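Everything on this sheet refers to the single structure shown next.
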Amino acid sequence: MDVKIEASWKARIGAEFDKPYFAQLVQTVKQEYRQYACYPPGPLIFNAFNLCPFEQVKVVIIGQDPYHEPGQAMGLSFSVPDGVPMPPSLINIFKEIEQDLGTRMPATGNLTRWAQQGVMLLNATLTVRAHQAGSHQRIGWETFTDAAIRALSAGRDHLVFILWGGYARSKAALIDRSRHLVLQSVHPSPLSANRGGWFGNHHFSQANAYLTANGITPIIW
């Protein structure tokens with residue numbers, strides 16, 4: 001695993017690469033990719049960072065780990081490449097956007113356009129073994145991504161952190177709420193969303209209202 005990360009991120013969290021846990025993490029991930037099918041493809045592991053430089057981040061959407069079926073994971077939480085059927089959680093995200101903002105369901109689940117506007121689509125775990133959700137949790141990725149969240153909280157102002165589901169909500173403790181907006185709800189997966197609390201959360205309009213109020217260009221969701 002070659003650690004190639006965008007320069008502004010390297011300046012902010014590059015010290016993590018020199019820590020013992022990260023050296024062990026790299027060895028573990030390399031071994032996993034040699035032995036098993038793993039996702040996303042190696043060059044896309046740090047895609048969330050590379051598409052969204054530190055100073056350009058406006059919104060952070062925290063996911064748990066990458067999609068674990070072939071062709072889905074692209075290094076951006078909840079996103080799938082063009083031409084890949086949208087997973088149920090992503091369909092529910094777009095349904096809420098349609099209810100909240102009136103924006104029609106798009107033809108593709110590729111969220112690169114969000115990332116390029118400053119939406120950091122950050123999975124807490126950046127890799128996964130094929131067909132095994134959560135298989136690369138607790139090998140060191142969370143330490144690294146927690147450092148990224150802390151860096152954003154301390155180094156920027158007026159960001160929107162969007163936390164869906166219990167796992168993402170556990171990251172709220174890393175965020176300075178006196179400087180940032182934290183939006184929380186149940187997860188958009190059908191199991192959670194259908195029990196209530198997802199549809200009608202208005203996170204997308206709330207995020208844009210907060211950005212606009214602070215003189216920041218809103219997101220075209």
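Points worth noting:
- Selection from Ser153, Ala107, Ala209 lying farthest towards where the dipole of the range 73-221 points positive, charges on Cβ: Ser153
- Residues of the chain: accessible area per residue with a 1.4 Å probe, Å²: 44 Å²
- Cα-centred dipole magnitude for the range 62-204, charges only on beta-carbon of K, R (+1) and D, E (-1), debye, nearest 20: 220 debye
- Dividing the helix sum by the residues of the chain, where each DSSP H run of 4 or more adds -39500 (n - 2.57), gives a mean residue ellipticity at 222 nm of -10000 deg cm²/dmol.
- Among Ile91, Phe78, Ser178 the positive-end extreme of the charge dipole of the range 59-184 (Cβ point charges): Ser178
- Scattering curve values for the range 71-176, log₁₀ I(q)/I(0), Debye with Cα scatterers, q = 0.12 Å⁻¹: -0.47
- Heavy-atom accessible surface of the chain: percent carbon and sulfur, 1.4 Å: 52 percent
- For the range 1-83, the list of trypsin sites (Lys or Arg not before Pro) that fall in a loop by DSSP and count at most 15 other C-beta atoms within 10 angstrom reads Lys4.
- In a simple Cβ point-charge model (Lys, Arg +1; Asp, Glu -1; nothing else charged), the range 1-118 has a dipole of about 180 debye relative to its Cα centre.
- With a Förster radius of 25 Å applied to the C-beta separation of Gln31 and Asp146, the computed FRET efficiency comes to 0.60.
- Centre separation in Å (Cα based) which lies between the range 101-123 and the range 1-68: 20 Å
- The trypsin sites (Lys or Arg not before Pro) of the range 170-221 that DSSP puts in a loop, and whose beta carbon has at most 10 other beta carbons within 10 Å, are Arg177, Arg195.
- Estimated dipole of the range 13-59 in Debye, rounded to 20 [Cβ of Lys and Arg +1, of Asp and Glu -1, Cα centre]: 120 debye
- Remark: for residue pairs Lys10/Lys95; Lys58/Lys171; Lys19/Lys58, the C-alpha separation exceeds 25 Å in Lys10/Lys95; Lys19/Lys58.
- Computed from label points 7 Å out along Cα-Cβ, the spacing between Asp18 and Asn214 is 3.1 nm.
- In this rough spin-label picture, where each label sits 7 Å from Cα along the Cβ direction, the Ser205-Ala172 distance is 2.2 nm.
The values are calculated or read from the model by the stated rules, or taken from the named source; none is laboratory data. These numbers were taken from a predicted model, which means no experiment stands behind them. In this analysis, Cβ positions are derived from the backbone assuming ideal geometry, glycine residues included, and neighbour counts consider all displayed protein chains. Ligands, DNA and RNA are excluded from the accessible area calculation, which covers all protein heavy atoms including side chains. Shrake-Rupley method; radii C 1.70, N 1.55, O 1.52, S 1.80 Å.
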